[in-house]
Amino acid sequence: MIEVEALRKVYRSPKKQPGLAGSLRALFHPEWTELAAVDGVSFTIQPGEKVGFLGPNGAGKTTTLKMLAGLLLPTSGTIRVAGRTPFGRSTEHLQAITLVMGSKQQLRWDLPPTETFELNRAIFGLEPAAFAETRDELVALLELEPLLNRPVRNLSLGERMKCELAAALLHRPQVLFLDEPTIGLDVRMQVAVRQFIEAWNQRTGATILLTSHYMADIEALCDRVIVIDGGKLRYDGALSALIAQYAPDRRVVVRTLRPPTPAELAQAVGFVEEDGSLVAMTPPEGVKDVVGLALRVLPVRDLSVEETPLDEVIRRLFAEERPR
Amino acid sequence: MNDLLRALRAWPTLLRVGLAEMVAYRAELVIWILTSTTPLIMMVIWSRASQDGAVGDYDADALARYFVATLIVRQLTGCWLVWEMNQDIRTGAFSVQLLRPVNPLLIHAANTLAVIPFRVLLLVPLVGALLLWKPAAADALGQVAWLPFALSLTAAWLINFFVQAMMGCLAFWWRQSLGIFNVWHALFLISSGYVFPLSLLPPGIRGFAEASPFAYLMSAPVELLSGRLQGAAAWQAVGGGALWALLCGVGAAVVWRRGVAHHEAVGA
């Protein structure tokens with residue numbers, strides 16, 4: 001569905017020394033610097049896949065998404081999305097994709113969302129019956145009914161994002177590029193948006209490429225992640241393999257009935273205090289022994305075994321912090 | 001061709017939503033429209049100036065006719081595309097528009113046209129009041145060449161829209177592109193017949209002004225509506241307007257294509 005080969009995007013920007021002299025020099029003898037925002041990235045995404053696209057700020061995620069959508073011309077490399085080259089934004093390409101940017105909106109600010117829906121129906125040339133069916137489906141899934149006739153300016157951020165998603169999906173695109181769709185939303189609304197994306201993928205088989213700074217989005221939706229940093233591909237594979245590679249340890253967290261005595265603490269080798277709990281890190285094969293030790297020597301009230309949070313996994317990946 | 005057909009089919013919805021949006025912005029819209037009432041001020045000034053006799057080839061009644069016509073033409077050809085494009089391009093909102101299978105300029109055109117009924121609603125009482133004050137302003141209505149006027153008005157709308165599209169596209173390259181439009185607007189004020197009839201200009205400058213697009217933005221339709229152009233002269237005004245509309249249309253298409261290509265190269 002998406003094929004990217006040796007994709008590269010170089011931005012050229014003027015270089016200017018500080019001060020008046022620098023400004024004058026830049027005026028008469030401009031110098032340019034080149035920055036490769038995306039540098040030789042290749043990947044393939046199969047129809048129906050949900051892929052997380054991760055990287056720190058400035059890694060090249062949005063630039064890549066814009067090239068996939070057809071908004072930016074690659075400096076070199078090839079892209080095929082649903083069998084077409086995005087650049088030039090043919091009608092067929094635009095009918096096949098959608099790009100939702102959490103920080104930009106297409107909804108008409110002073111009109112109810114229904115007006116933007118109608119506008120998109122006309123612009124995309126949707127048949128009335130098909131449009132009504134999709135709109136009703138989206139309204140039901142996103143629980144939009146109470147919002148439909150209120151001006152967009154009176155909706156909360158989360159309500160607006162739900163309406164944005166509906167507006168962006170009315171033409172039933174095969175490929176969804178979602179750039180930070182949950183940014184700024186509260187936890188409840190993040191969950192609602194995630195559940196909707198999952199449900200839409202199940203219903204339509206749409207291919208989804210998702211960027212998010214909220215790792216909970218990635219964990220909930222994506223089996224596969226592509227990680228880029230400094231414009232280069234750093235990882236492409238299963239999320240579970242990424243965790244296994246960069247953070248295989250488990251966290252054994254123990255909450256006790258009473259504060260442990262110094263003697264108990266001395267026996268609980270490997271446990272350290274953290275936010276009122278006792279925590280030990282161990283490889284998966286050591287979990288049984290560590291749990292056994294805790295139950296034997298500590299006044300255990302509650303015990304849990306957790307994977308390393310994905311945020312930490314990504315932090316380690318970017319910091320090149322390999323497991324010992 | 002399919003794209004054009006889709007755009008044409010979408011046109012009624014674009015107009016309807018555009019009108020709904022304009023009504024939602026009604027307070028702001030009234031203020032914007034009122035900023036285009038310079039002809040009323042000019043009418044008062046020139047009616048004082050003509051108290052002691054004709055000014056050039058305009059007597060007091062002719063000046064009244066001229067500025068009522070100027071008010072009407074300005075309202076019906078008004079457009080704020082350049083400001084909208086400038087903002088959309090600089091904030092990145094333009095990217096959203098590029099991902100729709102209809103040229104964003106067509107959507108902006110629909111938005112601009114959608115305001116016209118609202119402008120007419122404001123114009124009717126205003127022009128009515130002016131005609132009560134200066135009844136002679138209506139004297140020449142029987143001499144108006146209505147078809148050439150309608151065509152000349154259309155050409156003026158197109159010239160204004162295309163020029164603003166060109167200037168708006170400059171935001172693809174320069175953050176301060178509105179400054180260039182301000183220069184254009186200053187030239188418009190003195191060369192279009194907006195603040196005084198072009199026949200009052202010194203001969204050399206008048207020749208330049210009458211050949212420029214500014215004359216076809218204002219003077220040509222105004223002189224048609226005030227009954228001063230008849231027969232061959234009326235059709236000459238239509239031809240000049242059509243030529244400038246065509247040239248500006250080609251210019252807008254070229255700048256649009258290059259601007260979007262630049263946008264594709266550097267992003268926003």
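Any read-out appearing in this document is the output of simple, stated calculations on the displayed coordinates, not a laboratory observation. The structure presented is a predicted model; accordingly, all values stated were derived computationally and were not measured. All Cβ positions, even for glycine, are placed from backbone atoms using ideal geometry, and neighbour counts span all protein chains on display.
Round to the nearest 0.05 the FRET efficiency obtained for residue B:233 and residue A:76 when R0 = 56 Å and r is the Cβ-Cβ distance.
0.40
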(message) Give me a comma-separated list of calculated 3J(HN,Hα) values for the stretch B:100-113, in order, Karplus coefficients 6.51, -1.76, 1.60 applied at θ = phi - 60°, integers in Hz, x for any Gly or Pro.
(response) 10, x, 9, 3, x, 5, 5, 5, 5, 4, 4, 4, 5, 5
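Select from the stretch A:88-155 those GluC sites (Glu not before Pro) which occupy a DSSP coil region and have at most 11 other Cβ atoms within 10 Å, ordered by residue number.
Numbers: sites: A:92, A:115, A:118, A:133, A:137, A:143; in loops: A:143.
For GluC sites (Glu not before Pro) across the stretch A:88-155 that sit outside H, G, I, E and B with at most 11 neighbouring Cβ atoms in 10 Å, the list is empty.
Could you state the orientation-averaged shadow area of the convex hull built on the Cα atoms of the protein assembly as shown, in nm² to one decimal? Working shown, then result.
Details: hull surface 148.4 nm².
Over all viewing directions, the protein assembly as shown projects a mean Cα-hull area of 37.1 nm².
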(request) Determine ³J(HN,Hα), in whole Hz, for all residues of the stretch B:170-185 in sequence, where each value follows from phi through the Karplus function 6.51 cos²θ - 1.76 cosθ + 1.60 and θ = phi - 60°; x replaces Gly and Pro. (result) 4, 5, 5, 10, 10, 5, 9, 5, 5, x, 5, 5, 4, 5, 4, 5
(message) Test of understanding: extend the Cα→C-beta vector of residue A:281 to 7 Å, then name every residue of the stretch A:231-272 with backbone N under 11 Å from that spot.
(response) A:247-251
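Given the -39500 (n - 2.57) contribution per DSSP H run of 4+ residues, what per-residue ellipticity at 222 nm results for chain A, rounded to the nearest 500 deg cm²/dmol? Display every interim value, and only then the final one.
Values: 12 runs with 123 residues, N = 324.
After summing the helix terms and dividing by the residues of chain A, the value is -11000 deg cm²/dmol.
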(message) For the stretch A:245-266 and the stretch B:206-227, what is the centre-to-centre distance using only Cα atoms, to the nearest Å?
(response) 87
(message) Give me the one-decimal nm value for the distance between modelled label points at residue A:148 and residue A:114, 7 Å along each residue's Cα-to-Cβ direction.
(response) 0.6
(request) Once every Cα of the stretch B:2-266 carries one equal point scatterer and solvent is ignored, give the base-10 log of I(q)/I(0) from the Debye formula at q = 0.08, 0.11, 0.12, 0.17 Å⁻¹, two decimals. (result) -0.34, -0.65, -0.76, -1.40
(request) Give a quick list of trypsin sites (Lys or Arg not before Pro) in the stretch A:83-154 that DSSP marks as loop, anything other than H, G, I, E or B, with at most 16 other Cβ atoms within 10 Å. (result) A:104
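Please report Rg over Rh for chain A, where both radii come from the alpha carbon positions and Rh follows the Kirkwood definition. Could the numbers behind the result be given before it?
Working: Rg = 24.5 Å, Rh = 22.8 Å.
That ratio equals 1.08.
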(request) Kindly count the pairs of lysines across the protein assembly as shown whose alpha carbons are less than 14 Å apart, treating pairs on different chains or eight or more residues apart as eligible. (result) 6
(message) Eigenvalues of the Cα gyration tensor times 5, then square-rooted: what semi-axes does that give for the stretch B:45-84, in whole angstrom, largest first?
(response) 29, 10, 7
(message) Can you compute the modelled spin-label distance between residue B:174 and residue A:296, with each label point 7 Å from Cα toward Cβ, in nm?
(response) 8.0
(message) Testing the spin-label approximation: label points 7 Å from Cα along Cα→Cβ at residue A:203 and residue A:244. State their distance in nm.
(response) 3.5
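Please give the per residue volume of the convex hull enclosing the alpha carbon atoms of the stretch A:248-307, rounded to a whole number of Å³. Each step should come with its number before you reach the end.
On the way: hull volume 4.1 nm³, N = 60.
It comes to 68 Å³ per residue, whole-number rounded.
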(request) May I ask you to derive the FRET efficiency for residue B:185 and residue A:42 from their Cβ-Cβ distance with R0 = 41 Å, giving the value to the nearest 0.05? (result) 0.20
(request) Calculate one ³J(HN,Hα) per residue across the stretch A:203-210 by plugging θ = phi - 60° into the Karplus curve 6.51 cos²θ - 1.76 cosθ + 1.60, and present them in order as whole Hz with x for glycine and proline. (result) 6, 10, x, 5, 7, 10, 10, 10
